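Here's a structure for you.
The values are calculated or read from the model by the stated rules, or taken from the named source; none is laboratory data. Note that the structure is a prediction, hence the values are computed from the model and not measured. We place every Cβ from the backbone using ideal geometry, glycine too, and count neighbours over all the protein chains shown.
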Amino acid sequence: MGIKLKSKELCGEIITQLKKDVSLLKKSSIEPTLASVLIGNDGGSIFYTGIQKKKCDEVGIKYNLHRLPEDISFQELKTLVEKLNNDENIHGILIQSPLPKGLDGRDVFNLIKPEKDIDCQTTTNIGKVYSGEFDFAPCTAISALELAKQTGVKFEGKDVVVIGRSNVVGKPLFQLLNNENATVTVCHLKSKDIDKKCREADIVFACAGSPKLVDASYVKEGSILIDIGTTNVDGKIVGDINLEEVIDIADYVSTVPGGVGPLTTIILLRNVVSNAKKSKE
């Protein structure tokens, strides 16, 4: 029987440290502040901003939510983001996705000043990830990597498969794993023989957004499986890995929910605090 890998303990450790860091910053008259921009009424984004506020309150970070109408013009949005960029009391800016139709994601995200881009949404910071000289990488990709490290695994020389090629998770995760000297194969839903490739892997990161794609036929005995998928199926969040089928084969399988998701928010807050510390220097 494999071990179900959850992030609760790691989240708790990071939160404890963040509380200490925030307390020290406030004694220096610096209040770490996150500005979150929500455009329109996407249900998932509304839910996520609620989680952001709850966790910010828990660690002592000030949370400013800017809710904007779905039909806001690009120029109006630009005016707001430039104001946030120029506010020295704002230490991180996050623009929620998906964006409403009519707004180009690349143009919108590039409005953020790279130094305040805590989730690596800008082209500048994405480029830094691929050059290996980054301050921030996409929080979900970092969270998946850090959760896998809780098993004690060393990535160097390991055969790793990433299922998914999104700009938010799959592509940056590939680069982060390269930095760890892993041998990485990136697959996607149009790839041939994904199951065969996964059976040869020591570690599998599943981020294709395909519920329960990874079943027993994909898994090598003793492997590590990290589930990053989140799909709403009949009102329930379901991952890309069929945990019930694989738990008796793999050594570790991360859970959905309770795995990568909660850690992603905490990593985001860690980046805000990191920026606040830099402002003190």
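Among the listed residues 195, 135, which satisfies the condition of being assigned to a helix (DSSP H, G or I) and either of a type in the set (Asp, Glu) or closer than 23 Å to residue 39 by Cβ (or both)? Explain how you work it out, then say what you get.
Details: 135 fails: assigned to a helix (DSSP H, G or I).
So the residue among 195, 135 that is assigned to a helix (DSSP H, G or I) and either of a type in the set (Asp, Glu) or closer than 23 Å to residue 39 by Cβ (or both) is 195.
Something else about it: Would you confirm whether any residue within region 121-137 is in contact (Cβ under 8 Å) with a residue 60 or more places away in the chain, at negative phi and in contact with a Pro (Cβ under 8 Å, 6 or more places away or on another chain)?
Looking for residues that are in contact (Cβ under 8 Å) with a residue 60 or more places away in the chain, at negative phi and in contact with a Pro (Cβ under 8 Å, 6 or more places away or on another chain), one finds none in region 121-137, hence no.
Go through region 1-45 and report how many residues are assigned by TED's automatic domain parsing to the domain that holds residue 79, out of contact with any Leu (no Cβ under 7 Å at 6 or more places or on another chain) and under 30 Å from residue 243 (Cβ atoms).
So the count comes out to 3.
Every residue, every condition in (1) buried (at least 17 other Cβ atoms within 10 Å of the Cβ); (2) within 29 Å of residue 19 (Cβ to Cβ), yes or no:
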position: 53; (1), (2): no, yes
position: 58; (1), (2): no, yes
position: 68; (1), (2): no, no
position: 73; (1), (2): no, no
position: 77; (1), (2): yes, no
position: 94; (1), (2): yes, yes
position: 98; (1), (2): no, no
position: 103; (1), (2): yes, no
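Just checking, does region 72-86 include any residue being more than 22 Å from residue 142 (Cβ to Cβ), in contact with a Lys or Arg (Cβ under 7 Å, 6 or more places away or on another chain) and polar (S, T, N, Q)? Please lay out each step first, then the result.
Taking region 72-86 and keeping what is more than 22 Å from residue 142 (Cβ to Cβ), we get 72-86.
Narrowing further to those that are in contact with a Lys or Arg (Cβ under 7 Å, 6 or more places away or on another chain): 85.
Of the ones still in play, those that are also polar (S, T, N, Q) are 85.
Yes.
Given the criteria touching a strand residue (DSSP E or B) at 6+ places or on another chain (Cβ under 9 Å) and small (Gly, Ala, Ser), does residue 217 qualify? Working first, answer last.
Working: touching a strand residue (DSSP E or B) at 6+ places or on another chain (Cβ under 9 Å): no; small (Gly, Ala, Ser): yes.
The answer is no for residue 217.
Continuing with the same structure: Please return the ranges of helices (runs of 4 or more DSSP H) entirely within region 34-128 where 3 or more residues are farther than 28 Å from residue 231 by Cβ and not hydroxyl-bearing (Ser, Thr, Tyr).
On the way: elements: 43-59, 74-86, 105-109.
Here the list reads 74-86.
I would also like to ask the following. For residue 205, work out the one condition from (1) outside any strand (DSSP E or B); (2) in contact with a helix residue (DSSP H, G or I) (Cβ under 7 Å, 6 or more places away or on another chain); (3) not aliphatic (A, V, I, L, M) it doesn't fulfil.
Going through the list (1) outside any strand (DSSP E or B); (2) in contact with a helix residue (DSSP H, G or I) (Cβ under 7 Å, 6 or more places away or on another chain); (3) not aliphatic (A, V, I, L, M), residue 205 breaks only (1).
Being among the polar types (S, T, N, Q), in the same structural domain as residue 56 (by TED's automatic domain parsing) and at pLDDT 95 or above is true for just one of 110, 181. Which residue is that? Show your work before the answer.
Numbers: 181 fails: in the same structural domain as residue 56 (by TED's automatic domain parsing).
Exactly one residue qualifies, and that residue is 110.
So, residue 83, is that one surrounded by fewer than 17 Cβ atoms within 10 Å (Cβ to Cβ), of a type in the set (Lys, Arg) and either assigned by TED's automatic domain parsing to the domain that holds residue 39 or out of contact with any Phe, Trp or Tyr (no Cβ under 9 Å at 6 or more places or on another chain) (or both) or not?
Values: surrounded by fewer than 17 Cβ atoms within 10 Å (Cβ to Cβ): yes; of a type in the set (Lys, Arg): yes; either assigned by TED's automatic domain parsing to the domain that holds residue 39 or out of contact with any Phe, Trp or Tyr (no Cβ under 9 Å at 6 or more places or on another chain) (or both): yes.
So residue 83 fits the description; yes.
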